[in-house]
Amino acid sequence: MSGTHSGRRCQLVVLLMFLAAILCSAITARAEDPYPRKAFKLMVPWSPGGGTDRSARAFAPVLAKYLGQPVGIINVDGGGGWVGWAQAAKWTDPENDHDLAYVNLPHILSFLDPRLKRTETLDSFGWLALHTVDPCIWVIRENETRYRDVEGFVEYVKENPGKVTFAVSGVGGDDHLGAVAGLRALEEKYGGPLKVTFTYSNGDGERIAALLGGSADVLGGNVAYYIAYAMEAQMKPICVLAKQRVRDMPTVPTLAEYAGKPIVVSAARYLAVAKNMPEYKRKILLDAVQKAYADPEYIITCNKMGDVVQYVTGEDLRKQLEEFKALAESVAYWKDAQ
Amino acid sequence: MHEVLANLGYLLDVFTLYNMAAMLLGICVGLVIGAIPGLNPPMAIALLIPLSFQMPPATALILLTSVYAAGMYGGSFSAILLRAPGTSASAATAIEGWEMTIRGKAVQAVRVSTFASVVGGVLSALVLILVAPPAAKVALLFQPAEYFLVGLLGLVSIASVSFKSLSKGLISGFIGIVMSTVGIDMKSAFPRFTFDMMALEGGLGIMPAIIGLFALAQALSIAEGDASATILKTGETHKVKWELWPKWSEIVYLRWVLIRSWIIGIIIGIIPAAGGSVAQWIAYSDAIRRAKPGDCFGQGEIKGLAACEASNNAVTGTSMIPMFILGIPGGISAAVIMGALMIHGLNPGMRLFTESAGVVYPVMWGFLVANIVMGFFSVWVARSMAYVTFFPRGLLAPLIITFSFAGQYASSGNIYDVWVMMFFGILGYVMEKFDFVPAATLLGLILGPICEAGFRDWFIVSHGNPVSYLLGRPMADALLALLAVMLWYSIQHKRRLKSRGSVAEEPA
């Protein structure tokens, strides 16, 4: 009888010790909860070799240096970026607390197009920070005689409605939004209507071929790609759609200088994480990101690649997103087709 | 002339230990990546770019261009030996190459393919080195209307590759064209045939189509036979010979088809956005149209194989011409190489040839040397590769299926494309069973968007006068004439063959 009694006590002691052990481990885990504790995945929603992919591959090792963990690139291609973004929108902490994704603006805003029946919105993503921003630029042929600057262009378009062909990437892309918004602002200033004919082709190469070959008259692109040509004297940039003139093209005016109001349109890449990531993890990530942007070697790489890196987060980031959204809604390209 | 000699001086810069090591690495990576369906040269180049950061610019670019050359060629190994083309530029190779393989002529096929590719690459590199600046101007003659016509030229080749039934070939091509319209239309942002499926918004990819229509469909039909049998047709096993060096008699026999195909490749390379996957079909169908009685196109005709392989590698060098001079990459690989060029601080343009001559010319010569080294390297590995023909079907089919799935997932990282690949696989298998032409479907998929974009933009940029616009463009007129000649020639040829009694529709 006493045997069973001592046996029970023994069981009780073991049970208590076991519970204590669990409690202890739980407490230590709670106190330390190491983060980052494993390798990070940086998702690029495009196939390898594209612009975002190249920037990501230059950035990943630098970010890894400051996070203290390796950062691997995962390419999830498809649906014009949406296969990847739909995944990122479903990320939750802590399952995906080592996942980062690139979100491209204004591309992501295609969810505003009701025809696509998307359920995601800007609030579906945990916005971390801006990575690169590349302002839009308008370029003409170097040997163009009909107009040499934005004012001449406006005059020519007014007199020859629909005759000028404006080559941009795709409907709803940054080049297209910038062209539509820019022309509207110029109409307000100089009177209109300013009617141009748009052609769309995805690659910068195809658009340059169209411009130099004469089937396009004005080209909408991004500064990074065209800096090289500005010096090559085959093409002539006539304006940038940025807040101020671009450092490497000091002679190229901003569109705002003509329109009298800021016309800021760019292609921007943001880093996003799980929406419900706790603040202390976000802070660790943000610190690493900020340090990585300031890394001297990375700055040299960026200069070579033409990447303009800016650290923007929190309220300012939110404001940028709202500006992008307002721009896309004001152009509302999807209404034309309905 | 003295410029050419000055140029030759840069050739010596290629032969440093560092450059040659980079070249060999590039060739190895390219051959492997090219041979595996799903992994393609642009991917390999993109992945090597960070590695090339630490290298001097010339070495880095020699590495990347070597991957490009070897990748383009490596794709033909799996196309010939397994009918599972590794890249879109070797899909046409798969037709004659495979027919040769099952007739025990795999080694001859690899041999001819190597010769055609290496010489094509070298010639193309020479054009790049010697006449890049004037050739770049040719690229600018191709505007929307011309793109439309080039696309049509490619589509006409569907008629040539429809060996068994013309109508079934045309239906197959039509299926491809219709499928190429799936996805969000760039020119209106309208979602076409997406059925509210997110994965379809980006369209049906070329990669899943190639892997499915060729590799997976092929594995399914291999799996039909006796598991212990080989893919060789019965009674042909003894025929396998192991001579890997090109024979003079072969070269003489193939000289005209090779020369024509090299020229076709070199010219199409200059046209931005056309590239190897268009050139091979045009060269192949040209060879078929010139067929003599006794030629057995569609059943392992060496001329057909030579045409495909000569043209797709002749594209590689010239596709870099508009990239170097105008900043207009001639294809996806060239676009990625251009990205690398800019990362290394070299901006495309004429100044590149004066200010950075010490980098650019060694790169071009390096590309030429890489083609030759690749040839020797291939002869060496071809022997072991050709043993595939002795593998039992029971081993081959699962291997190809595994590679198809793994390769597709690796290339896009999303499971939807794997489903699309499976769909194409079953489609290709069924089509093959009923004498439809999977190659025509692929051609429709590749050329559909080129034709469509060209056609729509032609109407836009002509501001309401498409016909007079077209007639006023010399290049467009030339292409129209070429198109008319090709069509007329095809019809005449078929008639002639019929009247002689050797009808193209002979049983397989």
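The values are calculated or read from the model by the stated rules, or taken from the named source; none is laboratory data. Only a predicted model underlies this, so the values are computations on that prediction, with no experimental measurement involved. Cβ placement follows ideal geometry from the backbone for every residue including glycine, while neighbour counts extend to all protein chains displayed.
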Only one of these is at pLDDT 90 or above, over 30 Å from A:D93 (Cβ atoms) and under 16 Å from the mean Cα position of the chain (by Cα): A:V312, A:V265. Name it.
A:V265
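Sort out which residues of the stretch A:134-167 are farther than 22 Å from A:Q244 by Cα and within 29 Å of the chain's Cα centre (by Cα), and write them in order of number.
If the condition is that a residue be farther than 22 Å from A:Q244 by Cα and within 29 Å of the chain's Cα centre (by Cα), then A:R141, A:T165, A:F166, A:A167 are the ones that fit.
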Within the stretch A:61-92, restricting attention to residues that are without any contact (Cβ under 8 Å) to a residue 24 or more places away in the chain and surrounded by fewer than 20 Cβ atoms within 10 Å (Cβ to Cβ), which residue is farthest from the other protein chains (Cβ to nearest Cβ)?
A:K90
Among the residues in the stretch A:50-73, are any aliphatic (A, V, I, L, M), over 21 Å from A:N276 (Cβ atoms), in contact with a Pro (Cβ under 6 Å, 6 or more places away or on another chain) and assigned by TED's automatic domain parsing to the domain that holds A:N303?
yes
Testing A:T119 on (1) touching a residue at least 12 places away in the same chain (Cβ under 8 Å); (2) in a loop (DSSP other than H, G, I, E, B), one condition comes back false. Which one is that?
(1)
Test result for B:D196, within 14 Å of chain A (Cβ to nearest Cβ), surrounded by fewer than 17 Cβ atoms within 10 Å (Cβ to Cβ) and not in a helix (DSSP H, G or I)
yes
Test of understanding: among B:L445, B:L470, B:L427, B:L479, which residue is at pLDDT 90 or above and touching an Asp or Glu at 6+ places or on another chain (Cβ under 7 Å)?
B:L479
Options B:I271, B:I251, B:I259: the member that is at negative phi, under 22 Å from the mean Cα position of the chain (by Cα) and modelled with pLDDT under 90
B:I271
Just to be sure I understand the filter: pairs with C-beta atoms under 8 Å, separated by 6 or more residues or on different chains, first member in the stretch A:153-173 and within 12 Å of A:P193 (Cβ to Cβ), second member surrounded by 23 or more Cβ atoms within 10 Å (Cβ to Cβ). Which pairs pass?
A:V154/A:L186
Residues located in the stretch B:133-143, provided they are within 22 Å of the chain's Cα centre (by Cα) and assigned to a helix (DSSP H, G or I)
B:A135, B:A136, B:V138, B:A139
Inside the stretch B:156-175, can you point out the residues that are under 14 Å from B:L483 (Cα atoms) and crowded, with 22+ Cβ neighbours inside 10 Å?
B:S157, B:I158, B:S160
Here is a list of conditions, (1) modelled with pLDDT of 85 or more; (2) in contact with an Asp or Glu (Cβ under 9 Å, 6 or more places away or on another chain); (3) within 13 Å of chain A (Cβ to nearest Cβ), and B:G202 meets all of them except one; can you say which number that is?
(1)
For a quick check of your reading of the model, give me the residue pairs whose first member lies in the stretch A:217-242 and is more than 13 Å from chain B (Cβ to nearest Cβ), whose second is part of a helix (DSSP H, G or I) and at pLDDT below 90, with beta-carbon atoms closer than 7 Å and at least 6 apart or on different chains.
A:P237/A:Y226; A:P237/A:A230; A:V240/A:V223
Of (1) touching a residue at least 60 places away in the same chain (Cβ under 8 Å); (2) more than 19 Å from the chain's Cα centre (by Cα); (3) closer than 21 Å to A:G51 by Cα, A:Y280 fails just (3)
Test A:K335 against the stated conditions and say whether it is touching a His at 6+ places or on another chain (Cβ under 8 Å) and either under 26 Å from A:D123 (Cα atoms) or outside any loop (DSSP other than H, G, I, E, B) (or both).
no
Return the total of residues in the stretch A:93-129 being farther than 23 Å from A:G170 by Cα and more than 14 Å from chain B (Cβ to nearest Cβ).
13
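I'd like the full set of residues that are in contact with a helix residue (DSSP H, G or I) (Cβ under 6 Å, 6 or more places away or on another chain) and more than 16 Å from A:V240 (Cβ to Cβ), limited to the stretch A:168-178. Spell out the reasoning first.
The first filter runs over the stretch A:168-178 and keeps only residues in contact with a helix residue (DSSP H, G or I) (Cβ under 6 Å, 6 or more places away or on another chain), leaving A:168-169, A:171-172, A:177.
Those that are in contact with a helix residue (DSSP H, G or I) (Cβ under 6 Å, 6 or more places away or on another chain) and more than 16 Å from A:V240 (Cβ to Cβ): A:S169, A:V171, A:G172.
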I'd like to verify a number: residues in the stretch B:452-487 that are outside any helix (DSSP H, G or I) and either of a type in the set (D, E, K, R) or free of Cβ contacts under 8 Å to residues at least 24 places away in the same chain (or both), how many?
5
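For residues in the stretch A:295-311 being part of a loop (DSSP other than H, G, I, E, B) and within 11 Å of chain B (Cβ to nearest Cβ), which is farthest from B:G345 (Cα to Cα)? Give the steps one after another, and end with the answer.
Pass one, the stretch A:295-311, residues part of a loop (DSSP other than H, G, I, E, B): A:295, A:306-308, A:310-311.
Next, from what is left, pick out any that are within 11 Å of chain B (Cβ to nearest Cβ): A:306-307.
Working: A:G306: 10, A:D307: 13 Å.
Residue satisfying both the conditions and the ranking: A:D307.
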Inside the stretch B:338-357, the number of residues satisfying the requirement of being part of a helix (DSSP H, G or I) and not hydrophobic (A, V, I, L, M, F, W, C) is 4
Of the residues in the stretch A:168-178, those that are within 14 Å of chain B (Cβ to nearest Cβ) and either touching a Gly at 6+ places or on another chain (Cβ under 7 Å) or assigned to a helix (DSSP H, G or I) (or both) come to A:V168, A:D174, A:D175, A:H176, A:L177
Members of the stretch B:177-193 found to be among the polar types (S, T, N, Q) and in a helix (DSSP H, G or I), listed by number:
B:S180
Scan the stretch B:294-337 residue by residue and report those that are among the polar types (S, T, N, Q), more than 14 Å from chain A (Cβ to nearest Cβ) and assigned to a loop (DSSP other than H, G, I, E, B).
B:Q299
Within the stretch A:75-96, can you find the residues that are in contact with a Pro (Cβ under 8 Å, 6 or more places away or on another chain) and not small (G, A, S)?
A:N75, A:V76, A:D77, A:W82, A:V83, A:W85, A:D93
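Condition first: within 12 Å of the chain's Cα centre (by Cα), of a type in the set (G, A, S) and within 14 Å of another protein chain (Cβ to nearest Cβ). Can you find one or more residues in the stretch B:338-359 that meet it?
Taking the stretch B:338-359 first, the residues within 12 Å of the chain's Cα centre (by Cα) are none.
No; the residues of the stretch B:338-359 include none that is within 12 Å of the chain's Cα centre (by Cα), of a type in the set (G, A, S) and within 14 Å of another protein chain (Cβ to nearest Cβ).
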Can you pull out the residues in the stretch B:67-109 that are more than 9 Å from the chain's Cα centre (by Cα) and assigned to a loop (DSSP other than H, G, I, E, B)?
B:R83, B:A84, B:P85, B:G86, B:R103, B:G104, B:K105
Among the residues of the stretch A:181-216, the number that are within 13 Å of chain B (Cβ to nearest Cβ), in a helix (DSSP H, G or I) and among the charged types (D, E, K, R) is 3
From the options B:G9, B:G75, residue that is in contact with a helix residue (DSSP H, G or I) (Cβ under 6 Å, 6 or more places away or on another chain) and either over 22 Å from B:N313 (Cβ atoms) or crowded, with 24+ Cβ neighbours inside 10 Å (or both)
B:G75
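Examine the stretch A:90-97 for a residue that is of a type in the set (A, V, I, L, M, F, W, C) and either within 22 Å of A:G306 (Cβ to Cβ) or in a helix (DSSP H, G or I) (or both), and state whether such a residue exists. Can you show your working first?
Our first condition is that a residue be of a type in the set (A, V, I, L, M, F, W, C); within the stretch A:90-97, this holds for A:91.
Subsequent filtering for residues that are either within 22 Å of A:G306 (Cβ to Cβ) or in a helix (DSSP H, G or I) (or both) retains none.
So far as the stretch A:90-97 goes, no, none of its residues is of a type in the set (A, V, I, L, M, F, W, C) and either within 22 Å of A:G306 (Cβ to Cβ) or in a helix (DSSP H, G or I) (or both).
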